[in-house]
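What follows is a short report on a single structure.
The values are calculated or read from the model by the stated rules, or taken from the named source; none is laboratory data. Because the structure is a prediction, the values reported are computed rather than measured. So basically every Cβ, Gly included, is an ideal-geometry build from the backbone, and we count neighbours across all protein chains shown.
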Amino acid sequence: MNLNLRVMAPNRIVWNSEVQEIVPSTNSGQIGVLPNHAPLLTALDIGIMKICLNGQWSTMALMGGFAMIDNNRMTILVNEAEKATEIDPQEARENYKKAQTNLATAEGGKQTIEANLAFKRAKARLEAINVGSFPVSN
């Protein structure tokens, strides 16, 4: 038995197919979703989502949103999402380093909050392409 996963961003459908397992990052940590999961509505954090399809795992960077699980369907509404295969590794590493520097030099509350969000987004993109290798350090 499978689940239907649908990931929607404001301007496109990022994913729409049957999958075997889903592991998204929620605001309270990662959760595993298998067929016949109990109904659930949860907020999603900026982070990665792992998807098992035909016994193969793939990853996606999610930039926050909401997920609803019901009747073997998981619908995810996100601000933005990128499949790991769509992410340019060199660009992701450069953005991560820049975001890390900006966070370290941020001054004031607003600048620190914005720099932290940019850092989390850059880290999620880098982690999406590095799953299975070394973790990204803070």
TODO: Kindly indicate whether Q20 is more than 22 Å from A92 (Cα to Cα) and free of Cβ contacts under 8 Å to residues at least 12 places away in the same chain.
DONE: no
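Only one residue in N72, N2, N79 is touching a residue at least 12 places away in the same chain (Cβ under 8 Å), at positive phi and of a type outside the set (D, E, K, R). Which one?
Answer to the selection: N72.
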Open item on the list: Residues that are modelled with pLDDT of 95 or more, of a type in the set (A, V, I, L, M) and touching a helix residue (DSSP H, G or I) at 6+ places or on another chain (Cβ under 8 Å): list the strands (runs of 3 or more DSSP E) wholly contained in the stretch 1-48 that include at least 1 such residues.
Closed with: none
TODO: At least 3 residues that are within 25 Å of T112 (Cα to Cα) and either under 9 Å from the mean Cα position of the chain (by Cα) or modelled with pLDDT under 95 (or both) in each: list the strands (runs of 3 or more DSSP E) lying fully within the stretch 49-100 that qualify.
DONE: 56-70
- [ ] Look through K120, K97 and report the one residue that is basic (K, R), without any contact (Cβ under 8 Å) to a residue 24 or more places away in the chain and surrounded by fewer than 20 Cβ atoms within 10 Å (Cβ to Cβ).
- [x] K97
